[in-house]
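**Student:** Sharing a structure here in structure tokens format.
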Amino acid sequence: MTLRNTHSLLLGALVCLGGGVSGADVALLDGTVDRSRLMETDAKVTLTQTAGAPAVRVVTGRTQPWPGMALRAPGSGWDLSACGLVAVKARNLGASRFTLHCRVDNPGADGAKNCVTGTLALGAGETGVLRVDLKRAGDDTLGGKLFGLRGYPVGPGAKGGFVDAAKVNQVLLFAAKPQEEHQFEVLEIRATGAYTPPTASVTDADPYFPLIDTFG
């Protein structure tokens, strides 16, 4: 399914829970979103319409280092375990270029742990799609035995932040240490792309070691 506006929804209506539908697609924000779930940090957030479709307009300040908005998940959070990424369609309403940041959080996220982040540079008036990969943490028991390596062989996860996709509690959209106010519209937010776990990985030290055989 492609990202696109509809008259009645900010996002497409197809929702799959727990990976039960092929081609996972979870709407995180729609035209009937509860305003109380949109939180402001040194920003003004308003519900509006663009070309007849609902949108969220954000005007950032510049007194805080990361002004923007947070979309809180309903209830106990979103289960995005079937999805591979979060996609945000946004438009820069300002007269200058700026970089939009998106952070997908678990409870306890601090910008480095329990979260993943993506960025998108938008020129004046430009519309684009910001994608944040839902990178999973590895489940190995190697316990640091592969010290000095950049990563583990064919394992889940990657360098940088990780997230538990089954326990996403909010999505943040913000500018980073802006020197001026910025305005942007959020047209769509969805989790999409079916997640495919690695088909082979090294998860246990016992069968894996010794790493170098008798022939070197």
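The values are calculated or read from the model by the stated rules, or taken from the named source; none is laboratory data. All of these numbers come straight from a predicted model, not from anything done at the bench. Here the Cβ is made from the backbone with ideal geometry for all residues, glycine too, and neighbour counts use every protein chain on show. Accessible surface areas use protein heavy atoms only, side chains included; no ligands, DNA or RNA. Shrake-Rupley method; radii C 1.70, N 1.55, O 1.52, S 1.80 Å.
**Student:** Here are some residues: 94, 68, 61. Which one is under 22 Å from residue 181 (Cβ atoms), buried (at least 16 other Cβ atoms within 10 Å of the Cβ) and touching a Pro at 6+ places or on another chain (Cβ under 7 Å)?
**Tutor:** Only one candidate passes the filter, namely 61.
Table: residues versus (1) over 17 Å from residue 167 (Cβ atoms); (2) assigned to a loop (DSSP other than H, G, I, E, B).
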{"site": "45", "(1), (2)": "yes, no"}
{"site": "66", "(1), (2)": "yes, yes"}
{"site": "70", "(1), (2)": "no, no"}
{"site": "80", "(1), (2)": "no, yes"}
{"site": "85", "(1), (2)": "no, no"}
{"site": "90", "(1), (2)": "yes, no"}
{"site": "102", "(1), (2)": "yes, no"}
{"site": "107", "(1), (2)": "no, yes"}
{"site": "112", "(1), (2)": "yes, yes"}
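**Student:** Then there is this: Between a residue in the stretch 50-62 that is touching a residue at least 12 places away in the same chain (Cβ under 8 Å) and of a type in the set (Asp, Glu) and any residue that is assigned to a strand (DSSP E or B) and open to solvent by 10 Å² or more (accessible area, probe 1.4 Å), which pairs come within a Cβ distance under 9 Å, given they are 6 or more apart or on different chains?
**Tutor:** none
**Student:** Okay, next question. What about residue 129, is it surrounded by fewer than 17 Cβ atoms within 10 Å (Cβ to Cβ), of a type in the set (A, V, I, L, M) and touching a residue at least 60 places away in the same chain (Cβ under 8 Å)?
**Tutor:** yes
**Student:** Which residue is farthest from residue 70 (Cα to Cα), if the candidates are limited to the stretch 8-45 and must be modelled with pLDDT of 50 or more and exposed (fewer than 13 other Cβ atoms within 10 Å of the Cβ)?
**Tutor:** Only one residue tops the list, namely 23.
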